Amino acid sequence: MQTVSVIGIIIGKDGPKAIISKKGGHERHLLTLTVRDAPDAFINVTCWGGQEYIQALSSELSIGTVVEIKDANIQNQSQNASDDKFKPWTPSTCQLNVSDNQGSILLYNANNVPDYGQLLHIPTKANNDFYTLEDIQANGTNLQGEHVNLLAAIKKIWPVREILTKTGKKTIKQDIYLCDETCQSFTLTLWGNCTEYVQSWLPMDTVIFAADVRINFNEFRSTMVACTDSKTIITTCPETSEAYSLLEFIKTQNSVFRSGDMDFQGNPGNNDPDIQSISKILTVKQIKGLLSSLSEECVEYTVIYAFLSQFDIDGEDKNILQNICSKCKKPVYEETSFICGNPNCSGGDFEMFGNTSVNIDYRINVNLSDHTGTLEYCHTPPQIAEQILGIKPKEFQKLPNSQKTNLKWNFLLERVKAVLKMKKLKRGLYLQVLELNKVGAGQLLEHGFNDV
């Protein structure tokens, strides 16, 4: 087997881990590093050995450490697609293996060590290959379990917490609030060694490019979130035009992001036209057709006559309510003791101490269908949801499931007239319900929708 020696900087780290050998059935320990020595050259290095050797190696090496790898075995990348799920993507067709009896990894201390530091600021994916935070929310559960790239600014850094996994192992996690031009708050959870990236981060002053974070729907928070795993590589302060542009935007909007002046709940804005003035009527097919004609970030308004084809407000697992800060309306969570994430807001303090500043609000998405197709994940702001249901969130929370089901069937599969706000994003169309009312068959016929 061929061997090679490499000098590079560690840009990713996963482990230490223990696995059971398929051959002997004994426990093996490993640490995976991603090492870079040029802008377009980085490779995965797997270190094998006894528990003490791997633990010592992990303690000595961290993200940003420059190392010299000597006599590492060269191995072709596995053709098994499942293996790719557990390692960062690299442009190399090979990977390196080092063990306690073959090869070595040493700290590199030559005069050119600072030169390698520049490689920490080059993303591992194309500069423009990323989702905006609003793109993720708009796509909803279509992205469930998918790995995507993010370019975002650090808004708030929560403390590291120790977690006991279902298998009884201890690990650490850290929640980070992100923001960008399209979204004021989005949660990224760092697991394990990814918390090492945070050491140099400053809220509202640091932009990151996170390659291959996993997207999940958080039932508790009733929203899409991102988390790191063994595939993730994070680039801090990427030296790209897109990152510079975002940083400039964040700095100009700093006071807005901190003050909570932006509408956290997506309620109809002051710039929206009067509902009665919106008269253009489109079908689902026509609305989807706007994707090819609308310019990015362009906002349009329309009326649609359709069936309410999804309205999941009943059932034990349907989390359509969320806790919000009564002052700035930002979501707050029990796991963070109901502390408002807005640094300048005191409205979301500890409910456990009897503070009544935590309110409950609706968070509902609906589907609208007509004879030409279906619009999925139409966001219904809290005040609109309350108008539709005719009941306040706290009262709704107390209803038994049977009454929630009865309430659902008052609207589900019923003919409705909906006024929509539409905004084109990079990877889809963001739809917001501004008004929704049940209508009779006669009103549909008036507008030529005899097939609805």
- So G64, is it within 30 Å of L375 (Cα to Cα) and among the small types (G, A, S): no
- Enumeration of residues in region 113-131 that are free of Cβ contacts under 8 Å to residues at least 60 places away in the same chain and open to solvent by less than 50 Å² (accessible area, probe 1.4 Å): V113
- Selection status of E435, surrounded by fewer than 19 Cβ atoms within 10 Å (Cβ to Cβ), modelled with pLDDT of 90 or more and farther than 15 Å from V284 by Cβ: yes
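If you check E68, E134, which single one turns out to be open to solvent by 40 Å² or more (accessible area, probe 1.4 Å) and of a type in the set (D, E)? Let's see the steps before the verdict.
Numbers: E134 fails: open to solvent by 40 Å² or more (accessible area, probe 1.4 Å).
Result of the check over E68, E134: E68.
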- Could you tell me which numbered condition Y53 fails, if it satisfies all but one of (1) touching a His at 6+ places or on another chain (Cβ under 8 Å); (2) open to solvent by less than 40 Å² (accessible area, probe 1.4 Å); (3) not polar (S, T, N, Q)? (2)
- Among the residues of region 285-311, write down those that are aliphatic (A, V, I, L, M) and at pLDDT 90 or above. V303, I304, A306, L308
- Note on the structure: Residue pairs within 7 Å by beta carbon, gap of at least six or interchain, first lying in region 233-244 and under 18 Å from G192 (Cβ atoms), second among the small types (G, A, S) and not in a loop (DSSP other than H, G, I, E, B), listed first then second, are I233/G12; I233/A211; I234/A210; T236/S200
- Given (1) out of contact with any helix residue (DSSP H, G or I) (no Cβ under 7 Å at 6 or more places or on another chain); (2) closer than 30 Å to Q403 by Cβ, F311 misses just (1)
- Item | Hits in region 257-284 - residues which are out of contact with any Leu (no Cβ under 9 Å at 6 or more places or on another chain), modelled with pLDDT of 80 or more and open to solvent by less than 40 Å² (accessible area, probe 1.4 Å) | T283
- Only one residue in I7, I19 is open to solvent by 10 Å² or more (accessible area, probe 1.4 Å), modelled with pLDDT of 90 or more and either within 17 Å of P91 (Cβ to Cβ) or not in a helix (DSSP H, G or I) (or both), so which one is that? I7
- Hey, A152 among the small types (G, A, S) and crowded, with 20+ Cβ neighbours inside 10 Å or not: yes
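The values are calculated or read from the model by the stated rules, or taken from the named source; none is laboratory data. Everything numeric here is computed off the predicted structure, so don't read it as measured data. Heads up, the Cβs are rebuilt from the backbone with ideal geometry, glycines too, and the neighbour counts pull from every protein chain shown. Ligands, DNA and RNA are excluded from the accessible area calculation, which covers all protein heavy atoms including side chains. Shrake-Rupley method; radii C 1.70, N 1.55, O 1.52, S 1.80 Å.
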